[in-house]
Amino acid sequence: MTSLSFPPVDMADNVARLDLMQAGLDMVNQGFTIIDADLRLVAWNRSFIEMLEFPPEFGRFGMPFDAFMRYNAERGEYGPGPIEELVAERVNAARSFSPHYFERIRPNGRIIAVRGEPVPGRGFVTLYTDVTEQRNIEHLIREQNSELERRVRERTEALTRSEERLRLITDAVPALIAYFDHGRIYRFANRGYAEWFGRRKEDVAGREVEEVVGDRLYAELKPHLDAVLAGRSVSYEYSLRRGDGSVHHAASTLVPEFGADGKVLGAYVLSADVTEQKNTQAALLQARKMEAVGQLAGGLAHDFNNMLTVVIGNLAALRDKRPEDGTVTDCLDPALTAARRGVELIRRLLTFARQQPLEPQPVDVGRLIGELLPLLRRSLPENIVVLTRLPEAPLWALTDAHQLENALLNFAFNARDAMPGGGTLSIAARARGEESIDITVTDTGCGMSAPVLARALEPFFTTKSYADGSGLGLSMVYGFARQSGGDLRLSSVPGEGTEAALSLPRCAPVAESGAEGMGSLPAVAGHGLVLLVEDAAEVRRVVRMQLIALGYPVIEASSGAEAMALLEQLEDIALVVSDLVMPGGVDGLTLARRVREIRPGVGVLLMSGYAGRVDVPADEFPLLAKPFNGEELAAALAGCRS
């Protein structure tokens, strides 16, 4: 190994550096100690004394290690037992100078993580971290900045440690530390700082700041460097994109160093990696945004379905009354088609909002994908190659098969649009442990930029033209995945393609057998009197018209309370058809259960445009989704439980 030669050490400079280093160590929010080979304290910081609540006088050079252990044992830190035995046990363990890590709960409830590493021939370095608090990094850096400035001006006491030991200490500190002079040339950088920029520590000293951090980042940081070299302390955050495309975030503080004449000699850099904090905050904001949009979608669905019930019901009735009038049907058919497209749009919104009822059942994922492949290949252009990686053994997921097919088709069509010149579409399925199944769909298309990827799951967000997409495809799949107990993850690199990973809960297969259903439901004989309960007058009129067309006599109620009064007065009521969500304290489910209690012979059919607001067990009452036509209403009435 090539030996390193150093210029003679100037004691005044060394003392200043030692002062500055102690100031920096005192600002670190982790406790720090160095115990020598004789188990005596040779270096420490203020956080160590305060975090472990030792008396201030314990913070002195040469303090025996066993004194700390005895103090802890006497105040009950190590639990019951003879104090000398408790102390001896820990002192003997320390003499092994082995790397160690453990966590313990202090009597004050704080959880302290202790990590020790041996220093060859010199004892060991130990870091003490309060892991009950992991936030407010920016606030801590500002406090460190203020304290560091004060200590740089006021600190006069010298420490007597070698330059090599100082380097060992700074490399052990979990912070990014550096110093550059007035010419913006690095004179010092610890190992963490150098590795942050993908360099070795030896390659930083003597290089210009711009050369180390790169042209793009330097242009962003230059105003802060100008400020600190003008004599002002500054704090800021910045992002760094690594070669693998990942983005990392740092919070940094620059503190000027002043000479005896008051001129700025250079600046100290103290930075912290806040990538995890930033990612957590971004994920939380995204989750809250998606939840808010989902709640809005679910709330709108009920009102829109009521509107569409009125529109479709009246248009269908008008068409039935004028079947031979071609002029009328030419106008009505497109209107009905558009209204039904509105119904499908609302269903997609409900799927995104995780409020669209699903029909989960055990599904062999590999078999479903295999059966879907012919349709996929017919739907994609010939210049797109479809590849699959499916397991030989069946993989069973608890999911709605129809929604899963729609999700896969959605992925395939998005991939088609991303590969106008052709490419490869890959579909794979695999088990992830015993809990879930991952289905990944990967294309080699144009990919998505980071801003587009961040919004890809939002409803109505699309990069396509108005005529080419509604922006509900991926949001619908996301809602389906979350409602199924799974998840949807997107990853994309511009110019390289996109991967959509759909996770679904894994389940045991169901043996194929003639399993009995729920049994036949007794139907109401004949066309008995129907009590129609609906608070929206226009919707009530449309449903009444449909019931009359089916041959049912109808009486109406605009609220649950009014319906209860009619039930008590009229014995001829054979069916109750009620909206699920109604104001006034008596909603449809409450009314239905009351009917079952006082008039068990009366059939009940609930209807709603927003099935997610009230939980209706599937085997308790039939539920008809709005909007519906006469045929769907007739079928629901035929199967209505009496």
Taking only C-alpha pairs under 8 Å that are 6+ residues apart, what is the relative contact order of the range 529-638 in percent? 25 percent
The answer for the net charge of residues other than Glu53 whose Cβ lies under 12 angstrom from its Cβ, with Lys and Arg +1 and Asp and Glu -1, is 0
If you keep only loop residues by DSSP, which trypsin sites (Lys or Arg not before Pro) in the range 67-129 have at most 11 other Cβ atoms within 10 Å of their Cβ? Arg75
Charge tally in the Cβ shell below 12 Å around Thr440, where Lys, Arg are +1 and Asp, Glu are -1, Thr440 excluded: +1
Mind ranking 476-483, 417-424 by how tightly packed they are, going by the mean number of other C-beta atoms within 10 angstrom, highest first? 476-483, 417-424
What ranking, highest mean first, results for peptides 558-564, 205-211 when packing means the other Cβ atoms within 10 Å averaged over each residue? 558-564, 205-211
What FRET efficiency comes out for the pair Ala317/Leu570, r = Cβ-Cβ distance, R0 = 30 Å, nearest 0.05? 0.65
All other residues with a Cβ under 15 Å from the Cβ of Leu567 taken together, and with Lys, Arg as +1 and Asp, Glu as -1, what is their net charge? -2
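Read-outs: derived from the displayed coordinates by stated rules, not from any lab. Small disclaimer: the values here were computed from a predicted structure and weren't measured. Every residue, glycine among them, receives a Cβ derived from its backbone with ideal geometry; neighbour counts consider all protein chains shown.
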